[in-house]
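The structure appears right after this line, and notes come after that.
The values are calculated or read from the model by the stated rules, or taken from the named source; none is laboratory data. All figures in this text were calculated on a predicted structure; none of them were measured in a lab. Methodologically, a virtual Cβ is constructed for each residue, glycine included, from the backbone with ideal geometry; neighbour enumeration extends over all protein chains shown.
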Amino acid sequence: MPKKKTMPKKTKEEYAVVLVTCGSRAEARRIGRAVVTQRLAACANLLETRVESVYLWKGKVEQAREFLLLMKTSTALLGALEAEVKRLHSYEVPEFIALPIVAGSPAYLRWLGECLGSTPPWRD
């Protein structure tokens, strides 16, 4: 018998994926660990391959090799997450881009909510 297909659960855009570029792998790891430890993000993914960024900065075209950090959080925590990223980041103006999660697997979204709640899901 074929396995029943389940549709991804639509959200009310209560969760987001946040993109932050960092100047070093160590900085990305430090920020990722800090925000997950503080439960401002449920998960932080560090892309090990550097990204090449071309951008305007103070009127000049600049180029840099950076590390991309992806964090999953709730829209309610975006302000606190941004403040912590700014506090920990070495850049004068760190990238902080939040993209809404419009759908996802029900189990993953449930886990996300549990991790970002006040009581960890692994404790009573």
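Key figures for this structure:
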read-out	value
Any hit, the stretch 85-97, residues being at pLDDT 95 or above, in a helix (DSSP H, G or I), in contact with a strand residue (DSSP E or B) (Cβ under 8 Å, 6 or more places away or on another chain) and surrounded by 14 or more Cβ atoms within 10 Å (Cβ to Cβ)	yes
Residue list for the stretch 39-64, filter: part of a loop (DSSP other than H, G, I, E, B) and touching a helix residue (DSSP H, G or I) at 6+ places or on another chain (Cβ under 7 Å)	Arg39, Leu40, Ala41, Ala42
Number of the exception - Leu109 against (1) aliphatic (A, V, I, L, M); (2) assigned to a helix (DSSP H, G or I); (3) closer than 23 Å to Glu27 by Cβ	(3)
Residue within the stretch 42-58 that is touching a residue at least 60 places away in the same chain (Cβ under 8 Å) and either within 23 Å of Ala107 (Cα to Cα) or of a type in the set (A, V, I, L, M, F, W, C) (or both) present	yes
In the stretch 1-35, the residues that are at pLDDT below 95, farther than 14 Å from Thr73 by Cα and not β-branched (Val, Ile, Thr)	Met1, Pro2, Lys3, Lys4, Lys5, Met7, Pro8, Lys9, Lys10
Pair list, Cβ under 8 Å, 6 or more apart: the stretch 75-97 residue farther than 22 Å from Gly23 by Cα, other residue crowded, with 16+ Cβ neighbours inside 10 Å and among the aromatic types (Phe, Trp, Tyr)	Thr75/Tyr15
